[in-house]
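Undergrad: Pasting in a structure now, in structure tokens, and then I'll have a few things to ask.
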Amino acid sequence: MIKELEYYAARDLKEALKLAEQYGSRKRFLSGGTDVTVRLKEGLVKEDVIVDLSHVAELRFVREESGIVHVGACATHADLSASPILQQHGCALALAASRVGGPQIRNMGTVGGNVANASPAGDTIPALIVLDAVVSIASHKGIREVPIIDFFTGPGRSVLAAEELVTELHFPATGSGELTGFGKLGARQAMTISTANVAFYFRIGDNHRIVEARIAFGSVAPTVVRAHKTEQMFCQLPPVLSWDAIRGAAQMAWKEVAPIDDLRATAVYRKEAVVGLLAEAAYEALASCWHER
Amino acid sequence: MDDIHFEQIARVDAQGKACGTTAYMSDLSFPGMLYAWFVRSKYPHALVKSVDISKAMALDGVVTVLTAADVTGFNGFGIVNPDMPVICGDKVRYMGDTVALVAATTERIAEQAAALVEVEYEVLPVVDDPIEALKPDAPKVHDKGNVCLHTLITKGDVEQGLREADVVIEHEYRTPRQAHTALETESGVAVPEADGSLSMYAGSQYAFRDQLQLARILGINPRMIRVYSNPVGGGFGGKDELTIQGGIALLAMKTGKPVKVVLSREESLVSGWKRHPFIVRTRTGFKSDGTMLANDVTCYEDKGAYSSLGGPILNLALEHASSLYRVPNTRHEGWAVFTNNGICGAFRGFGVPQVLFALESNMDEAAEKLGLDPVTIRRKNVLYQGEVSPIGHTLRTGVSMDLVLDAVEKSDLWQHREEYKKTDKPWLRRGVALSLAPQGAGLGVGIPDYGGAYIDLDRDGNFTLRIGLVEYGQGTHTGFTQMAAGLLHVDPSRVRIVAGQTEGSVDAGPATASRSMYTASNAIAAAFHDLGVKVAGALDAKYHTGADAVCEAKDGGMTTPAGFRTYEELAQEFSQESPLRGEGYFVWPTADREIPGAAGLPHWIYSFAAQAALVEVNTLTGETHLLKVATALDTGRTVNLQQVEGQIDGGVAQGEGFALFEDTLIAKGQVRTKNLSTYIIPTVQDVPEHEYIILENPEGTSALGVRGIGEVVMVPVIPAVALAIHDATGVWVRQLPATPERVYRLLHPDVQ
Amino acid sequence: MKRLPLAGMNVKIKLFQDYKQYHDTPEYELELPAGTTAGEIVRQLGIKGPELAYLILILKGKRVYEEYVLQDGDELLFAAPIGGG
């Protein structure tokens, strides 16, 4: 049974921040509602005030300015997956958004909600991490910026204070010589919570080698994690499309994740599967610039 | 028969369903209506020491709270054995058991009141494994013990046959607890009438049986109960047994007000019927040329807490445990065993998918060991009409095992399987396999299997077809309309249907067991014949044209001894006070004797399908995608091709779910997959491409040649998927569903 | 079945499922006075309680009820409305 709640629909950011200040930890933001309404139904929402952000149009955008991509917190997953800007300058995020839920969920759910929700299984999070995104956080006191890798403190937990709101994510636009991608393992092709997911960023140098790599895994640790040792392995790869070599580099991921057993899968399987997930996604991406020999 | 034309029309119910205007029983509301809440058990197995309703009753808006003492008739229901209490008085046996019922002015108050019902339990140990439950010291779910049914069928000498075999395949197989997940959950409205009678509006698969079960619960004459059960928002067997009807009937009779309930998906998944998980132990013996010599099968059926149709399901599984292959020596043994694992009942396929997964897997393994092709080994063993089945009865009518096998062999998918199996990704493997299945139709021996229909010539010259069989999505009402229109020689738009209600339609048995189209074909043909007799009689009474004259349908009317009359003219003359009515009744042919010790067996008429499946396995993650399925299906005669293809699409999806995704996980009696984010069914992204091969080998005992096809279309695809995973990767899948992790572990047996 | 003159008639009774326990044999013939109803046979057999509530009477594929007046040559089935695969 859904408990009785006070409900406010904020008209703009200013009003949202005012309501956040007024109700503090009594309030819960709702953006697309794809997580909050499920939790309400399950009796898992302790707050008794809902502040609805879905009418705050100023937070719904994707734009590129001076080499920086800005994504508004209220941009939906459907917005992200269809965005030409992201397809060109932040492909991993568009791909990740396109794998969230099904069309109905993507039409409602927002990237700000996915980040603020801080689920270790959130699909957009590894993509934002490898894109080196920064989270803009607003409150009545002003705005602060937190690198996304520092944003999460545990499953469902983040640095957000009660009166704060995620307003946008921004990251350097990727360009030529930069490859990003995303892979997801779930129970089926759509409408599935990730059993594991992965995003990667590779910068390809003049000699076709990977000179910089960022790899992040979701659903295999209390928060989404960077896999630094695996990144190093990828930077040592010869610039030749070799399945065995790529798979060998991905193997390191086994040591960098700390999953748990749950209803979706066991920890042991997750450790094994993330290796394959990374290897196939990376192979597909590198196939566009490397050739078999 | 062949001169009857079936006009290919869109579904008669398409517009209402597509536009959302169709009112299901759960959409109905009545003035002054109350809302019910079922107070469910807190434990999977416990004694109920006391139930205190005082706090719940005191809540504002609560109209009544009922406990076991308030059941006015017999406190139990069950199609075969009424061992499931409507309200538990002394003991609960699964998490969905009802300990009290609340009726309140709003659903919210009803739910709040339910939380105020105080139940004192004495917790009992849980028994959650059917093999454990058979041990003498296992906790007893019912006083009489945990064996719901034990059946043993033997033919020849199975041990001798296995000794003589060149290869014996011996394995244990396990199958999932599949949920029906009908779009419409268990729901309905019970309405007490001024004369003391009750109207029950609840989607179900057999209104006339619900009527009797409700009469037994309420302790009143069945004719004081009217049941309206059509249309249904999905059944698949999950609405064959009663669900919520008993509870809301008691509340309505007690309060004198209409009482409604619509279960949430979570409550449906915890409390509702499921498919029985089976453990199937097999030893199958073959000669070196692939000839089957013996099959020894032992099935353990996880019954859950109450009987429902678990006995007949076990027996149908045992009937099919050696399929319709030529096996001289068989031993089919089964145990239906009570546990605290929810409740299991009827589900499309009715035990057949469970055993054929085992048998067809053994078949392919034998073929591989013997160096035979999967088609060759099956073709060597399929039975023909006139031969004796593995359980000892002679097959008397329409056996199409060979036809569907030949057809699937000729499918594009099978013929070009090496092309289909190509992939350029090093981590992907593709495989193709096939399987075939018979599916016994109808209720079997020793159970009257009958059906009636009325065709009314209405005042305006159009027709009303009255028949009990409900539409729960199969498309049968479209088929009934076409069959009636074809016989009457009128456009299908002139026939309307009244179905699934005890008032105004005719008992035609349950909409189960692949029996609707076949039963209806004969009942409608009989009613049509009787309408001709009635027309002749009416003309004779007026014009003395002769009572034995024959009237034949032609071009929107009938040729009669008084000349051609359109139906409008006949209606004008004879249907003004009450419609001229053709009544038709049909009794299924059955075997003349029962297989000893196996109630209901054998079946007389079977459906047949063969399916080939193409899967792609990701060897890095174990993910398996079903890419394409070719289905060869014998319809007897196709009435509506779109509906046949629709049944194939849906059956394949449900079979795919069984094979790859679906399982209700229960740990120590507690359901862990309580909604559709954890109970995984295929989405539209997961379902395969289809190749349809429709055969028409007329069923001789149907007036129109038709066979039921609703169940068999989901059966062969299940072993075909498992065997295609083997073809792709070399591993044998012996437990379904083949989830990514399960497949991964098979591929990497070193992973602990 | 041979027809009896005037008042008498022959009726065949077939008992299914749990109703078999009400008679020594599941099938038997009865010679009955004209006008006998199906309900009188039900009472003769002593079917009561939940089993009476769950009883259906079938004549050539047609449901009949207790007030049905039996005819010479009728074959009346006593059964429960069981389903199956």
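Read the figures in this text as sums done on the coordinates, not as results from a lab. Everything quoted here is computed from the prediction, not taken from an experiment. Note that we place each Cβ from the backbone using ideal geometry, even for glycine, and neighbour counts take in every protein chain shown.
Undergrad: Which of A:289, B:88 comes first, and how do the rest follow, when ranked by fewest Cβ neighbours within 10 Å?
TA: Fewest-to-most ranking of A:289, B:88: A:289, B:88.
Undergrad: Next question, about the same structure. Neighbour counts of other C-beta atoms within 10 Å: give me B:383, B:704 arranged from fewest to most.
TA: Ranking B:383, B:704 by Cβ neighbours within 10 Å, fewest first, gives B:383, B:704.
Undergrad: With the alpha-carbon atoms as the only input, what is the per residue convex hull volume for chain B in Å³?
TA: Dividing the Cα hull volume of chain B by its residue count gives 163 Å³.
Undergrad: Same structure again: For chain A, build the convex hull from the C-alpha positions and give me its volume per residue in Å³.
TA: Dividing the Cα hull volume of chain A by its residues yields 121 Å³.
Undergrad: Next up: For the residues A:206, B:458, what sequence is obtained by ranking on other C-beta atoms within 10 Å, fewest first?
TA: Fewest-to-most ranking of A:206, B:458: A:206, B:458.
Undergrad: For the range C:20-70, what percent of Cα pairs sit more than 17 Å apart?
TA: 39
Undergrad: If you don't mind, another one. With each run of n ≥ 4 DSSP H residues scored as -39500 (n - 2.57), what mean residue ellipticity at 222 nm is computed for chain B after dividing by its residue count and rounding to the nearest 500 deg cm²/dmol?
TA: Value at 222 nm, helices only, nearest 500: -8000 deg cm²/dmol.
Undergrad: Considering every pair of different Cα atoms, what Kirkwood radius, in Å, is found for the protein assembly as shown?
TA: Final number for the Kirkwood radius of the protein assembly as shown is 32.2 Å.
Undergrad: Based on the alpha carbon coordinates of the range B:162-313, what radius of gyration and maximum Cα-Cα distance (Dmax) apply, in Å?
TA: Over the range B:162-313's Cα set, Rg and Dmax evaluate to 21.9, 74 Å.
Undergrad: In the range B:450-587, how does Rg compare with the Kirkwood Rh, expressed as the Rg/Rh ratio over alpha carbon atoms?
TA: Taking Rh as the inverse mean 1/r over Cα pairs, Rg/Rh reads 0.98.
Undergrad: Take peptides A:43-51, B:645-653 and line them up by average Cβ neighbours within 10 Å, highest first, as a rough protection proxy.
TA: Averaged packing, sorted descending, gives the order B:645-653, A:43-51.
Undergrad: Suppose the Debye formula is applied to equal point scatterers at every Cα of the range A:57-172; what is log10 I(q)/I(0) at q = 0.17, 0.18 Å⁻¹?
TA: The computed values of log10 I(q)/I(0) come out as -0.74, -0.84.
Undergrad: Further question: When you count, for each residue, the other Cβ atoms within 10 Å and take the mean per peptide, how do B:525-535, A:276-286, B:467-477, B:193-203 rank with the highest first?
TA: Put in order of decreasing packing, that is B:467-477, A:276-286, B:525-535, B:193-203.
Undergrad: What percentages, rounded to whole numbers, describe P(r) for the range A:213-293 computed over all alpha carbon pairs with 5 Å bin width beginning at zero?
TA: Going out from 0 Å in 5 Å bins, the range A:213-293 shows 3, 16, 27, 23, 15, 9, 5, 2, 0 percent.
Undergrad: Counting other Cβ atoms within 10 Å of each Cβ, which trypsin sites (Lys or Arg not before Pro) in the range B:563-607 have at most 15 and sit in a DSSP loop?
TA: Counting only loop positions with at most 15 other Cβ atoms within 10 Å, the trypsin sites (Lys or Arg not before Pro) in the range B:563-607 are B:593.
Undergrad: Counting only other chains, what is the mean number of Cβ atoms within 10 angstrom of the Cβ of each residue in peptide B:195-203?
TA: 0
Undergrad: If you average 1/r over every pair of different alpha-carbon atoms in the range B:259-318 and take one over that average, what Kirkwood value in Å do you get?
TA: Evaluated over the range B:259-318, this radius sits at 14.8 Å.
Undergrad: Sticking with this one: Pairs of alpha-carbon atoms within less than 8 angstrom and 6+ residues apart define the contacts here; what relative contact order does chain B have, in percent?
TA: 16
Undergrad: Once you keep just the Cα pairs under 8 angstrom separated by 6 or more residues, what percentage relative contact order results for the range C:20-70?
TA: Here the relative contact order equals 47 percent.
Undergrad: HN-Hα J couplings of the range B:603-610 from phi, Karplus 6.51/-1.76/1.60, θ = phi - 60°, integer Hz, Gly and Pro as x?
TA: 8, 9, 10, 10, 9, 9, 8, 10
Undergrad: Next question. Could you pull out every whole DSSP H run in chain A that spans at least 20 Å of Cα extent along its own axis and averages 0.5 or higher on the Kyte-Doolittle scale?
TA: Those that clear 20 Å and a mean of 0.5 are A:267-286.
Undergrad: Also: Taking beta carbons within 10 Å but only from partner chains, what does the mean come to for residues C:59-67?
TA: Average neighbour count from other chains, rounded to a whole number: 5.
Undergrad: Ignore the peptide's own chain and count Cβ atoms of other chains within 10 Å of each Cβ in A:184-197; give me the average, rounded.
TA: Taking the mean over all residues of the peptide, I get 5.
Undergrad: Using a Gaussian network model of chain A with C-alpha springs under 10 Å, which one of A:271, A:229, A:41 is most mobile by mean-square fluctuation?
TA: Sorting by GNM fluctuation, first place goes to A:41.
Undergrad: Give me the mean projected area, in nm² to one decimal, of the convex hull enclosing the Cα positions of the range B:638-683.
TA: So the mean shadow area of the Cα hull is 4.3 nm².
Undergrad: Same structure, new question: Sorting check: for B:482-495, B:17-30, which peptide has the highest mean count of neighbouring beta carbons within 10 Å, and how do the rest follow?
TA: Taking the mean over residues of other Cβ atoms within 10 Å, the ranking is B:482-495, B:17-30.
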